[in-house]
Each structure stands twice: as structure tokens, then as C-alpha cells.
Amino acid sequence: MKTIKNLFFLLTFSLIAFNCSSDDDNSSGDDDVTPTASFSDDADAWSSSVAQGAQTTGANLNVFGWTYTASQIASSVDGLSYSNPSWTVASPQADESHSGFITADETWTNDRFHILTGKVYVQDGVTLTIEPGTIIKGAESTGSNASALIVAQGGMLNANGTASAPIIFTAESDNIALGTNAGTNLSIDDRALWGGVLVLGKAQGSFSGDAESIQIEGLPATEPGSYGGTNDADNSGVLNYISIRHGGAVIGSDNEINGLTLGGVGNGTTISNIEVVANLDDGIEWFAGAVNVSNAVVWGCADDLLDFDEAYSGTLTNALTISTNVTDHAMEIDGPAGSFQAGFTINGLTMIGDASAIIDGVSGNREYADLRDGALCSINNVYTYGFRAGSDVEIDDATSAENYAADNINFSNWQVVFPSGDDNSVMWNDTTVE
């Protein structure tokens with residue numbers, strides 16, 4: 001790959017680049033870069049057309065049988081089946097409400113519903129343990145009163161669910177019963193009914209002005225929400241077999257809460273088997289940090305499904321994204337905001353698009369990926385199908401293009417079921433080219 005790029009550089013004395021950047025920057029690209037070669041031509045080296053069902057790469061969907069997603073759409077997704085988890089609650093107890101700061105270690109048990117009434121903070125030095133099979137409901141609210149669970153820097157969340165008894169975060173209005181995996185009254189179109197889950201750590205990030213730590217998106221500046229630092233091995237606990245549904249409450253103009261926000265989370269933290277469904281903002285967003293995540297599924301969120309920002313440097317392994325008509329991008333990839341430079345890796349990803357008609361004149365872009373603001377990443381072993389014609393993977397700024405030319409953005413082993421009439425010349429789009 002580098003040989004090809006360098007040859008074009010010698011012939012044309014110019015560079016091409018590709019970037020991953022924030023979902024808050026919707027620029028159409030810079031015009032001050034003259035690429036050395038066509039991004040879509042280069043894509044022939046890593047991307048090939050494949051018939052649906054004939055892929056040899058992508059995510060292993062067998063691990064997602066426990067999810068709410070599988071309960072709703074397994075029949076329409078190749079390779080996905082539903083295992084219908086359920087567990088016994090011997091003696092159900094009255095609901096327990098939680099708000100404000102948790103100042104001493106405590107355990108939330110699965111024999112009752114736990115109601116978040118406003119924001120609940122796990123403070124520095126405190127451990128919150130959540131039993132497998134526990135159902136947590138967020139009270140419906142918006143603005144500064146939005147309900148959410150926040151693990152502050154130095155706090156610990158031990159939420160170690162199982163495939164047969166996952167830990168579920170959902171809306172208070174969900175009629176889900178104790179010991180079951182899904183209710184019947186909410187759907188993929190029910191969003192912003194509560195906030196979400198935020199984990200804040202002390203791992204390194206790349207912030208404007210080279211600040212060591214900053215305030216997390218989705219929380220008012222007047223509330224505790226700092227993340228970032230110098231300890232990439234920071235440990236915020238365990239999140240395993242967690243389902244987060246119907247969140248994304250709006251707290252202000254263009255400021256919603258992601259389903260799962262990971263801010264400066266260190267690689268001492270264990271995060272695996274994560275599901276986010278029907279969130280108004282992004283499904284999972286990584287702001288800085290070095291935490292590794294495995295077995296993640298995101299379905300039907302109204303902004304981006306996976307979002308990477310501020311020099312996140314961990315690895316995402318085995319992920320599934322499923323767009324609906326409101327989805328913007330399956331992936332939004334932003335680069336460093338300061339001088340610290342680091343990139344992330346994806347290994348094993350299946351992206352399922354949405355090609356439905358526009359509803360009520362409003363639908364998301366429903367595209368593969370947008371890379372901006374000097375993105376740095378390596379995305380490997382990808383299978384994708386079901387996207388609308390004209391969808392693309394965009395390089396949107398000059399610095400990203402330069403990173404691509406320098407082999408600091410890399411792709412390998414992509415297999416694509418192209419929409420009718422599309423090919424690599426459509427899918428791989430460097431918007432910095434006039």
C-alpha cells in the first residue's frame with residue numbers, strides 16, 4: 001500500500017490523506033489538498049464486492065443471541081439468532097429509587113427495579129456492584145434533570161452480567177418484567193426517554209489546548225464530569241452483558257446523552273458484550289482513553305452508531321451496527337484535538353445499512369463512515385450490506401487525507417454487498433478532491 005502511495009507522490013509531488021473526526025463537525029471537506037491518487041482506486045487493494053451471505057469476514061454474530069436486538073430482528077439479519085434469556089427472581093421486592101451521589105459501596109440486586117430519578121454519580125473511591133439480571137429504569141426527563149448513571153473518575157462499576165441474565169438499562173415506561181429480557185410496549189422508535197450511562201476515567205486523550213482533562217459531553221458544565229489524565233491503565237471496573245435502551249435525553253441545544261459514553265477510560269477496565277438500542281444521540285462514543293471493547297451491538301440510534309474522538313487508542317473487537325432510517329453514520333471518526341497523536345483499531349465489524357424511503361421528509365444520512373479532523377485508525381475485517389445507493393466512506397479534511405497518505409489510516413479485508421449501481425468509485429470518497 002505504501003509503495004503505491006509513494007509512487008504517486010513521486011509522479012505528482014502531492015499527497016492524499018484520510019481522517020477520522022468528531023460527529024460534531026459536519027464540514028463538507030477542505031479544498032487545499034491535491035491527492036496523489038484516487039482513494040477509490042486505492043480501495044481495490046482492501047475492498048471487494050461479495051454476494052450477501054457469501055462473506056468470509058466481519059463480526060461473529062453468534063455471540064449476540066442474548067440481546068434485545070436479536071429478540072426483535074433476528075429473522076431479518078443473516079447469522080443472528082435469539083437465545084431468549086430469562087432468570088428466576090424468587091421474591092420480588094418493591095422498587096428502589098436512586099439519585100445524587102453514591103458515597104459508599106453498595107449493591108443493586110436483581111429482585112427489584114432500580115429507578116434512576118435524575119443523575120446518579122458513583123464517586124471517587126466508591127464501588128457500585130450490579131447483580132446479573134438487574135433491571136435499571138431511567139425516569140423520563142430532559143434538560144439538566146435527565147436521568148443517567150455516571151461513574152466519575154476514580155469510581156468503580158462492577159456490572160458483570162451473563163448471557164442468561166444480562167443487566168438492562170431502560171426507560172421507566174418500559175413494561176419489561178423482572179426476570180425477562182424484553183417488554184412489549186416500546187419499539188426502536190422510542191428514544192430519549194431517559195439519559196444513558198457514562199464512565200469517566202483518567203486515561204490520556206488529545207484535547208484542545210493540550211489540556212490534561214476536560215468536561216464530558218452530555219453533562220452540564222456545572223456538574224461533575226471531568227475525564228482524561230495520564231494513566232492509560234486506569235481501571236473503572238467491569239461492564240459485561242449490558243443492554244442500554246431508549247435513552248439519549250436532550251439536555252440542551254445539540255447536546256444529548258449517548259447510550260454509552262466512555263470518557264478517558266483506561267485499559268484496566270473490562271468492557272464486553274454491550275448493546276445499545278434506540279438512543280437519540282450516538283450509540284457508543286469513545287472520548288479519548290485506551291479501553292478495549294469486545295462484542296458490541298448498536299441498533300437504530302438517531303445519530304451515529306459508533307463514534308470515536310480525541311485520540312481514543314484502544315481496540316474494538318467483534319462489533320455489529322444496524323442502521324435505521326434515522327441513523328446518520330454507522331461510524332463517525334474524529335481525530336486528536338491537541339498535539340497528542342494516537343489512533344484506534346477495529347477488528348471484525350459487520351455493518352448493516354438502511355435503504356428505506358425517507359419518512360416524513362426527515363431521515364438520517366445512513367452512510368458507512370465519516371472520517372474527519374485528522375483521524376487516526378485501522379479498520380480491518382469488515383462485512384457490510386443493505387446500505388442505500390450513494391452511501392460512502394468519506395475523508396473530509398486535509399489532515400485526515402495526509403494521515404491516510406502517511407499510512408496512519410489503514411483499511412484491510414473489507415467485503416461489501418454494493419447497492420445496485422455502486423462500486424468502489426462511489427463508496428470510497430475523498431471530499432477534499434475538487
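Brief remarks on what is shown
- Asp407-Ser48 FRET efficiency (beta carbon distance; Förster radius 25 Å; 0.05 resolution): 0.75
- Protein heavy-atom accessible surface, 1.4 Å probe, per residue over the chain: 35 Å².
- 5 angstrom amide H check on Gly138, placed H, neighbours 5+ away: Leu116, Thr170, Ala171, Glu172
- Highest average first, the peptides 279-287, 364-372 ordered by how many other beta carbon atoms sit within 10 Å of their residues are 279-287, 364-372.
- Compactness of the range 130-221 as Cα Rg over 2.2 N^0.38 Å, two decimals: 1.30
- Across Asp328, Asp210, the residue with the most accessible area heads the list, and the full order at a 1.4 Å probe is Asp210, Asp328.
- Beta bridges per DSSP with both ends in the chain, % antiparallel, nearest 5: 5 percent
- Distance distribution note for the range 46-155: the fraction of Cα pairs above 20 angstrom is 60%.
- Between the range 402-434 and the range 94-128, the alpha-carbon centres lie 45 Å apart.
- The packing ranking of peptides 77-88, 128-139, highest mean first, is 128-139, 77-88, where packing means the average number of other beta carbon atoms within 10 angstrom of each residue.
- Within the chain: Cβ-based charge dipole about Cα centre, in debye rounded to nearest 20 (Lys, Arg +1; Asp, Glu -1): 1520 debye
- Estimated D of the range 316-385 in µm² per second, where Rh is the Kirkwood radius over Cα pairs and Stokes-Einstein applies at 20 °C, 1.002 mPa s: 160 µm²/s
- Spin-label pair Ser378-Ala90: with each label point 7 Å from Cα along the Cα-Cβ axis, the two points sit 5.0 nm from one another.
- When peptides 64-71, 399-406 are ranked by their average number of other Cβ atoms within 10 Å per residue, the highest-first order is 399-406, 64-71.
- Estimated translational D of the chain in µm²/s (Stokes, Kirkwood radius over Cα pairs; 4 °C; 1.567 mPa s): 60 µm²/s
- Equivalent ellipsoid semi-axes - Cα gyration tensor, the range 194-252, angstrom: 22, 18, 8
- Between Thr230 and Thr103, the modelled label-to-label distance comes to 3.1 nm, taking each label 7 Å out from Cα in the direction of the beta carbon.
- Over all directions, the projected convex hull of the C-alpha atoms in the range 150-285 averages 8.5 nm² in area.
The values are calculated or read from the model by the stated rules, or taken from the named source; none is laboratory data. Please read these numbers as outputs of a predicted model, since none were measured by experiment. Cβ: placed from backbone, ideal geometry, glycine included. Neighbour counts: every protein chain shown. Please note that ligands, DNA and RNA were not included when accessible areas were found on the heavy atoms of the full protein model with its side chains. Shrake-Rupley method; radii C 1.70, N 1.55, O 1.52, S 1.80 Å.
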